[in-house]
1. Apply the Karplus parameterisation 6.51 cos²θ - 1.76 cosθ + 1.60, with θ equal to phi minus 60°, to every residue of segment A:138-152 and state each ³J(HN,Hα) to the nearest whole Hz, in sequence, with x for glycine and proline.
2. What's the center-to-center distance, using Cα atoms, between segment A:21-57 and segment B:97-117 in Å?
3. Could you derive backbone 3J(HN,Hα) for segment A:3-8 from the dihedral phi with the Karplus parameters 6.51, -1.76 and 1.60 (θ = phi - 60°), listing whole Hz in sequence and x where the residue is Gly or Pro?
4. Run the Debye formula on the Cα coordinates of segment A:1-100, all scatterers equal and no solvent, and tell me log10 I(q)/I(0) at q = 0.13, 0.19 1/Å.
5. A drop of at least 50 square angstrom in accessible area, chain alone versus all protein chains together, probe 1.4 Å. Which residues of segment A:108-124 meet that?
6. Taking the simple approach of a point 7 Å from Cα along Cα-to-Cβ for both A:A15 and A:R36, what is their distance in nm?
7. On average, how much accessible surface per residue is there in chain A, in Å², for a 1.4 Å probe, leaving out ligands, DNA and RNA?
8. Mind grabbing the interface size between A and B? I mean buried accessible area, both sides, 1.4 Å probe, in Å² to the nearest hundred.
Amino acid sequence: MTDPILTIAAASLPATRWLIAAWAMLTAAQWLASARHFAPGGLLAWHDLSRLPGPRWSRAAQRHMPAGLARLLFVAQALLAVMLAVTDTHAVMLPTLAALISIQGVLVILSGHLWVDGSDKIALIAMVGALLAAMGVAAEDAGLALAGLLLAGGQLTVSYFVAGASKISVPGWRDGSWLTAILATSTWGEPRFPACLRTGGFAFVASWSVILLEALFPLALLAPAPILAAAMAAMMVFHILTAILMGLNKFPWAFAAAYPALWGLGAVIRPSLGLPA
Amino acid sequence: MTLSIAGTVALALVALHLAATLAVNFGPWRSRFSLADMLGLLPRWRFFTHQRGTVDIAILCRPDEAGAWTPLWAFRPRGSWAWLWRPGLAADGVLWLAACTLAQRHAAGKFADGDCSAAYATILGHVRREAPFREGQFALVESAPGRDRDLLFTSPIHRW
């Protein structure tokens, strides 16, 4: 393996495997705990969803799939997650990742878009990126490996940039009042969050910290490695805080699964642009 | 680096995907890509930039137009370990998103009697399962601390 891109992609794969496995295990376990919603007459009963407007092929699939398949798919996802965590051979990793991607795709098609949140989307992207990177490493194809790093690391960067830039256009985010309002709801807030932190001054500073951290994140890709590491650490603290304060418990794992690719992407971009390491 | 055909195609597709993602998140044609968003192909990353995140939304129901509203669903309170383990988020998240989507459709004048959107059907199905009477209507309300409850949407009378 002489191409540095292949070395960088190969180095990113072990951590990616572990983090995807953690997300897949957690997601499968949480859905298994509420699998009754997929049973006939349940909230996500596929047969009922087939009566809604949508592509003919997806409605036909919803009509003919047995309700028990959902439970089977979640069990399969959990087992595949264990396999992904314990194996480091390409012969196992490639089909395992492909199977996890397929399961996620089948569940999205059968259960509809209300079922998917942002963490599921970035996890799917991280899995496809890891599959491309692993294929590139296995075939010693640097272009394929770089495509994998670019997909996961690039979408992660785009997601932060879009999240930050779109908040700038919202007056409530600019003055901090929306952050206060979000934390005051019982849906996304945290009653134990000290009331003093909900005051205007804190909310204004916290709001702009989130906006700037997200919107300026792409610049970290061009910065020396220690700055990129600091930006990634800051965003991970943000995800952990949203898990604690808002209950978004899948997001830290799903977003973290794209971090090794982002780190690798930085290591490819800096020397190719002649930037300091 | 020498690029293979597979590598070149993959890089071109990924670059296109990144550009398209930026375009659908900021462009005026966002609604045309709902299927791609549904499949996660062109994800939207505008987290909490809609007002729905700043209020609590609940579903109420009643047996007829003169009856009293009965609370039917609201986001369940989180447990101490919700930062790590939160299976309840799955169903609550689906109903929350359905309620927000329906309220948004109604506010935009896109709701008509006989609405068969996924959001409407999801809420109606939940009301059918949980309501203590055989026919009636449901409503969506929003609330926030220190503010009166606002009625966002009222459905027609349904027999279930």
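The values are calculated or read from the model by the stated rules, or taken from the named source; none is laboratory data. On a predicted model such as this, the values are computed, not experimentally measured, just so you know. Glycine gets a Cβ as well: all are built from the backbone with ideal geometry, and neighbour counts include every protein chain shown. Heavy atoms of the whole protein, side chains included, go into the accessibility calculation; ligands, DNA and RNA do not. Shrake-Rupley method; radii C 1.70, N 1.55, O 1.52, S 1.80 Å.
1. 5, 8, 6, 10, 5, x, 5, 5, 5, 4, x, 5, 5, 5, 6
2. Here the answer is 22 Å between Cα centres.
3. Per residue, the Karplus-derived 3J(HN,Hα) values read 5, x, 5, 5, 4, 5 Hz.
4. Relative scattering, expressed as log10 I(q)/I(0), comes to -0.61, -0.92.
5. The answer is A:H113, A:L114, A:K121 - residues whose exposure falls by at least 50 Å² when every protein chain is included.
6. Reported label-point gap for A:A15 and A:R36 is 4.1 nm.
7. Values: 10660 Å² over 277 residues.
Per residue, chain A has 38 Å² of solvent-accessible surface.
8. Looking at A and B, the buried total is near 5500 Å².
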